[in-house]
Amino acid sequence: MHHERHGAGEPLLLITGWTISAAVFEPVLDLYTEHFECIVYDHRGSGRSRGASPTTMGAFADDAAKLLTEVRIPRAHVYGLSMGGMVAQELALRHPARVHGLVLGGTTPGGPFAPVLGPLDVMAIARGGMEERGLRAPVLFSEEFRREHPERVRELVRHFKAHRSSPAAIGAQLLASARFSSLSRLGRLRAPTLVMHGERDRLVPPAASKLLASRIPDAELAVVPGAGHAYALEAPRESLELLLDWRARRLPGPRQREEAHVAPDR
């Protein structure tokens with residue numbers, strides 16, 4: 001699988017979503033590499049990766065675990081976005097020892113909480129269309145962001161369209177998404193979990209994130225104010241701060257643990 005490593009620090013595996021290559025992380029990668037060593041990759045059979053695309057989320061999760069082995073990282077923070085959040089759930093369920101902290105962004109446990117896309121929208125995206133004017137609903141960004149920052153939207157959409165997947169890979173990922181359901185297994189997740197969601201996400205129902213946070217033991221929910229589905233791109237600093245705050249409280253690294261034990265100056 002095509003993969004890249006950027007930055008230094010605690011490893012953070014970033015898992016991209018349906019039909020999309022890891023190029024989608026490029027606009028914000030510099031922000032994250034100030035705090036983490038980021039590992040990004042294209043799913044098997046899509047983008048710049050080779051092979052046949054899996055048709056189950058379990059197989060996608062096994063691919064992620066194999067990648068961590070290949071890059072010699074025994075354990076990492078895992079951050080999955082949209083379909084990548086489904087992969088992240090499966091990774092934490094099937095390979096719990098590989099997951100230090102779990103971040104589920106704009107995602108769903110499947111079933112009735114699957115993304116809201118009609119067949120015409122799916123066909124338009126599969127043909128390479130990501131411009132939201134060609135779809136029936138704003139898929140990626142909030143209406144306000146699209147109206148106030150049209151040039152930025154066009155630039156960000158370019159990253160969504162980079163390294164397009166083949167129709168076969170898109171169909172396989174769609175099948176894997178349709179088959180996925182973690183509802184009955186969420187109680188088995190043991191990694192500290194942050195569930196993040198854009199306040200104005202119109203692709204994945206916000207109720208999905210609330211359900212995830214309520215069913216996963218001791219999970220936290222963080223809502224990015226005013227942002228749509230691609231909240232990490234629409235509100236990059238705000239969403240990163242939410243992540244860093246959660247990590248500092250729930251998963252302090254060696255530096256934070258040392259600072260916590262230093263008495264304040266008197």
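The values are calculated or read from the model by the stated rules, or taken from the named source; none is laboratory data. Treat the numbers as computed from the prediction; the structure is a model and nothing was measured. Here the Cβ positions follow ideal geometry from the backbone for every residue, glycine too, while neighbour counts run over all protein chains shown.
Is it the case, given these coordinates, that Leu183 is under 22 Å from Pro54 (Cβ atoms) and of a type outside the set (Ser, Thr, Tyr)? It is true that Leu183 is under 22 Å from Pro54 (Cβ atoms) and of a type outside the set (Ser, Thr, Tyr). Checked against (1) more than 25 Å from Glu26 (Cβ to Cβ); (2) modelled with pLDDT of 90 or more, Glu151 meets all criteria but (1). Screening the candidates Leu183, Leu221 for the property of being over 18 Å from the mean Cα position of the chain (by Cα), closer than 24 Å to Glu90 by Cα, surrounded by fewer than 19 Cβ atoms within 10 Å (Cβ to Cβ) and among the aliphatic types (A, V, I, L, M) yields one hit, Leu183. The residues of segment 135-175 that are without any contact (Cβ under 8 Å) to a residue 60 or more places away in the chain, part of a loop (DSSP other than H, G, I, E, B) and either among the β-branched types (Val, Ile, Thr) or exposed (fewer than 13 other Cβ atoms within 10 Å of the Cβ) (or both) amount to a single one, Arg136.
Only one entry of Leu140, Leu104, Leu156 meets the criterion of being modelled with pLDDT under 90 and hydrophobic (A, V, I, L, M, F, W, C), and that entry is Leu140.
Would you confirm, using the coordinates I've provided, whether Ala124 is at pLDDT below 85, among the aliphatic types (A, V, I, L, M) and closer than 20 Å to Pro206 by Cα? Criteria not met by Ala124. Residues of segment 224-243 that are of a type in the set (A, V, I, L, M) and either touching a residue at least 60 places away in the same chain (Cβ under 8 Å) or surrounded by fewer than 16 Cβ atoms within 10 Å (Cβ to Cβ) (or both): Ala227, Ala230, Ala232, Leu233, Leu240, Leu243. Within segment 38-50, residues that are under 9 Å from Asp63 (Cβ atoms) sit with their Cβ atoms under 7 Å from residues that are of a type in the set (Phe, Trp, Tyr), at 6+ positions apart or across chains, in these pairs: His43/Phe60. Among the conditions (1) over 22 Å from Phe25 (Cβ atoms); (2) of a type outside the set (S, T, N, Q); (3) touching a residue at least 60 places away in the same chain (Cβ under 8 Å), Pro217 misses just one, which is (3).
In the set (1) out of contact with any Ser or Thr (no Cβ under 7 Å at 6 or more places or on another chain); (2) in contact (Cβ under 8 Å) with a residue 24 or more places away in the chain; (3) in a helix (DSSP H, G or I), Ala208 fails one condition alone, (1).
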